[in-house]
Amino acid sequence: MKILVTGARGFTGRHFIRAAQAAGHSAVPLDCDLTQAEAVAAQVDALDFDSVVHLAGIAFVGHADDRAFYDVNLFGTLNLLDAVHKRGKPLRKVLVASSANVYGNCEQSPIPESQPPSPVNHYAMSKLAMECMARARFGSLPLVMTRPFNYTGPGQSPDFLVPKLVDHFVRRAPVVKLGNLDVRREYNDVRFLCDAYFRLLDSSAFGTFNVCSSRTYSIRELVAELSRLSNHTIEIEVDPALVRRNEIHELSGDPSRLVEAVGQPATHPIEDTLSWMLGEARAQSDSKRAH
């Protein structure tokens with residue numbers, strides 16, 4: 001496959017491109033500003049590809065500019081799909097990454113794709129608006145939309161929970177400030193996500209799919225596992241400023257539709273993911289000290 005990838009320099013994009021190249025695919029980055037429709041159209045027309053993986057977007061829920069969520073996640077996606085459609089060349093698949101955050105505070109868990117969305121923040125609202133807009137292209141583009149649940153790995157921003165914890169343990173910090181310790185989430189491995197995306201690209205599947213495992217962990221459990229792996233004990237301080245309003249208390253997905261369509265993506269135990277992240281973070285820290 002020749003895969004056009006947006007967000008190629010982001011966390012997911014870097015892992016996806018490495019995995020694509022390792023599997024013998026060609027990964028073609030789209031590096032223009034998605035909010036600039038003319039620039040998007042010009043670059044899309046100039047590139048050679050037969051599939052699209054749209055990963056670019058603002059993903060941090062706490063991002064300071066609410067309007068930017070819609071400018072990038074909604075209208076940036078509109079510009080991309082318009083450009084790809086007007087290009088007029090055959091495509092194998094166009095994969096657009098949404099988010100499981102569209103489900104909001106859902107009492108049902110694991111959550112199937114049939115669960116009505118109920119977003120509780122601008123990030124999730126922008127992703128749901130993007131989905132609604134993209135559905136208008138189902139008749140003209142071979143679209144797959146994914147709703148990934150939480151995933152992590154080396155290189156993820158410390159704005160996110162797991163890399164923040166890993167950083168504290170690598171530095172052997174005495175204290176870490178956290179929010180609600182009993183919130184439960186999936187913390188899937190980014191390699192699991194990449195495998196799921198390749199399976200969807202290489203399949204005849206279309207529509208919307210959860211990308212999830214249904215396995216959840218509390219923050220307390222993550223801290224305990226990192227303490228075991230690093231042989232370091234850290235004090236947890238609950239910071240009221242980090243306890244979010246409208247917190248989604250438990251978020252896990254039902255992977256049945258994905259598994260039925262493309263088989264079971266390669267899973268990784270949480271201890272393997274955390275060990276991988278600790279090792280990469282230590283190597284990066286050692287390299288900085290050496291220079």
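Each reported figure results from applying straightforward, stated rules to the coordinates on display, with no laboratory input. Just so it is clear, the structure is predicted and the values come from calculations on it, not from any experiment. Quick reminder, even Gly has a Cβ in these numbers, built from the backbone with ideal geometry, and neighbours come from all protein chains shown.
Points to keep in mind about this one:
- Among the residues of region 186-210, those that are within 14 Å of HIS268 (Cβ to Cβ) and not polar (S, T, N, Q) comprise GLU186, TYR187, ASP189, VAL190, ARG191, PHE192, LEU193, CYS194, ASP195, ALA196.
- When PHE209, PHE192 are checked against the criterion of being closer than 24 Å to TYR103 by Cβ, of a type in the set (Phe, Trp, Tyr), within 16 Å of the chain's Cα centre (by Cα) and outside any helix (DSSP H, G or I), PHE209 stands alone in meeting it.
- Enumeration of residues in region 217-271 that are within 25 Å of SER118 (Cβ to Cβ) and polar (S, T, N, Q): SER218, ASN246, SER252, SER256
- Residue within region 67-83 that is among the basic types (Lys, Arg) and surrounded by fewer than 20 Cβ atoms within 10 Å (Cβ to Cβ) present: yes
- Only residues that are surrounded by 20 or more Cβ atoms within 10 Å (Cβ to Cβ) and under 13 Å from the mean Cα position of the chain (by Cα) were counted in region 150-171, giving 5.
- Among residues of region 1-20 that are within 23 Å of PRO90 (Cα to Cα), those with a beta-carbon under 8 Å from a residue that is polar (S, T, N, Q) and crowded, with 18+ Cβ neighbours inside 10 Å at least six positions away or on a different chain give the pairs MET1/SER51; LYS2/SER51; ILE3/SER51; LEU4/SER51.
- Filter result for SER275 (in contact (Cβ under 8 Å) with a residue 12 or more places away in the chain and closer than 26 Å to HIS168 by Cβ): yes
- For region 106-120, a tally of residues being touching a Phe, Trp or Tyr at 6+ places or on another chain (Cβ under 9 Å) and touching a residue at least 24 places away in the same chain (Cβ under 8 Å) returns 2.
- Yes/no for THR146 being under 30 Å from GLY88 (Cβ atoms), of a type in the set (Ser, Thr, Tyr) and in contact with a Ser or Thr (Cβ under 8 Å, 6 or more places away or on another chain): yes
- Candidate set: region 75-103, residues that are touching a strand residue (DSSP E or B) at 6+ places or on another chain (Cβ under 7 Å) and among the small types (Gly, Ala, Ser); chosen: the one nearest to HIS54 (Cα to Cα): ALA97
- Residues that are buried (at least 18 other Cβ atoms within 10 Å of the Cβ) and over 19 Å from GLU250 (Cβ atoms) within region 113-136 comprise HIS122, MET125, SER126, LYS127, LEU128, ALA129, MET130, GLU131, ALA134, listed in sequence order.
- Of the set (1) surrounded by 19 or more Cβ atoms within 10 Å (Cβ to Cβ); (2) within 25 Å of LEU178 (Cα to Cα); (3) not aromatic (Phe, Trp, Tyr), all apply to LEU200 but (2).
- 3 or more residues within 30 Å of SER203 (Cα to Cα) and over 22 Å from the mean Cα position of the chain (by Cα): qualifying helices (runs of 4 or more DSSP H) within region 216-291: none
- Residue ID - surrounded by the most Cβ atoms within 10 Å (Cβ to Cβ), chosen from residues in region 1-46 that are among the basic types (Lys, Arg) and within 20 Å of the chain's Cα centre (by Cα): ARG14
- Scanning region 153-201 for residues being over 26 Å from ALA27 (Cβ atoms) and among the aliphatic types (A, V, I, L, M) gives a total of 10.
- Every residue from region 178-189 that is surrounded by 15 or more Cβ atoms within 10 Å (Cβ to Cβ) and over 18 Å from the mean Cα position of the chain (by Cα): LEU178, GLY179, VAL183
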